Amino acid sequence: MSRLLTALLIIPLALLLAACPARPRPLHQPQAIIADGAYTHEKSGMTFPIAVGEFHRTGIQQYDQDGLDVSVGYNLSDDRRQIIATIYVYPAPPHISIGSSPETVASVRAYLSKQEFEARKREALQPRPGARLIEDTDITIPVGGTIRTGRMATFEYDENFLGKKQSLRSHLCIFNFVGGKWVIKFRISYPRHLEVTREIDSILQGVPWNVPQN
């Protein structure tokens, strides 16, 4: 990034962050949420059904005191395929946009989205010294008639998976500022030798994104 572009971004970024809202207050331990049917995350409006295609919901976790930061797990496991997917919903990086032009807001959100994605990549790589980043690319998916744009990183590493050490492939997909306020993050992992493009598409596109637009 050039010095001029950095300077142009720093000024509006400082203004937008000056009165940023409170961030989630973490719990000491994640707390399980029990839901018999479809679970709706009250804060964002995201809905998580019991099943998405061939995936079955395995659990729901809350990470903060106010219910802003949650995850929902889905598994697909049969004689041929073993895939673990976790979907996270949490507040987007803080900013305010009162008095800012749409162009300034878009620039700041793009900058914050890149920072968020890089932080989550480091979070995935640091506990796995042998992990390799094999792809880092933009991603677009159709959800409910709307094209959603995000970023995807793909890793390969060896790790214990479903009771035994295996060579895995894992995707990190992040969509920032959904509804103007939320991050939707997917982690999808499976044995590296499997070809599961169709199954990955089904979990990415099959969860309703019932987040009000802002």
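What are the ³J(HN,Hα) couplings of the range 181-198, residue after residue, when phi is run through the Karplus curve with 6.51, -1.76, 1.60 and θ = phi - 60°? Round to Hz, x for glycine and proline.
Each residue's phi maps through the Karplus curve to give 10, 10, 9, 10, 10, 10, 10, 10, 10, 6, x, 4, 6, 7, 10, 10, 4, 4 Hz.
Would you list which lysines come within 17 Å of LYS121, measuring only between C-alpha atoms, while excluding same-chain residues fewer than 8 positions from it?
LYS185
When the Karplus curve 6.51 cos²θ - 1.76 cosθ + 1.60 is applied with θ = phi - 60°, which whole-Hz ³J(HN,Hα) does each residue of the range 139-144 get, with x for Gly and Pro?
9, 10, 9, x, 10, x
For the chain, what is the mean residue ellipticity at 222 nm derived from helices alone (per DSSP H run of n ≥ 4: -39500 (n - 2.57); sum divided by total residues; nearest 500 deg cm²/dmol)?
Details: 3 runs with 49 residues, N = 214.
So the calculated ellipticity at 222 nm is -7500 deg cm²/dmol.
Rounded, prolate or oblate: pick one for the range 144-214, where a ≥ b ≥ c are the square roots of the eigenvalues of its C-alpha gyration tensor, a/c under 1.5 means rounded, and failing that, prolate if a/b is larger than b/c, else oblate.
Details: a/c = 2.86, a/b = 2.20, b/c = 1.30.
Prolate, because a/c is 1.5 or more and a/b exceeds b/c.
Kirkwood hydrodynamic radius of the range 42-94 from all distinct Cα pairs, in Å?
Details: mean 1/r = 0.0815 Å⁻¹.
So the Kirkwood estimate lands at 12.3 Å.
State the percentage of accessible surface on the chain attributable to carbon and sulfur atoms; use a 1.4 Å probe and exclude ligands, DNA and RNA. Present the calculation step by step, with values, prior to reporting the outcome.
On the way: 6110 of 11700 Å².
Carbon and sulfur atoms account for 52 percent of the accessible area of the chain.
Report Rg (one decimal) and Dmax (nearest whole number) for the chain, counting Cα atoms only, units Å.
Cα radius of gyration and Dmax of the chain are 18.1, 57 Å respectively.
Tell me the angle of helix 3-17 to the major Cα principal axis of the chain, expressed in degrees between 0 and 90 and rounded to the nearest ten.
For helix 3-17, the angle is close to 90 degrees.
Please build a GNM for the chain, connecting alpha carbons under 10 Å apart, and tell me which residue among PRO24, PRO91, PRO191 fluctuates the most.
Of PRO24, PRO91, PRO191, the Gaussian network model singles out PRO24 as fluctuating most.
The values are calculated or read from the model by the stated rules, or taken from the named source; none is laboratory data. Being a predicted model, the structure only gives us computed values, none of them experimental. SASA here: full protein model, heavy atoms, side chains in, ligands and nucleic acids out. Shrake-Rupley method; radii C 1.70, N 1.55, O 1.52, S 1.80 Å.
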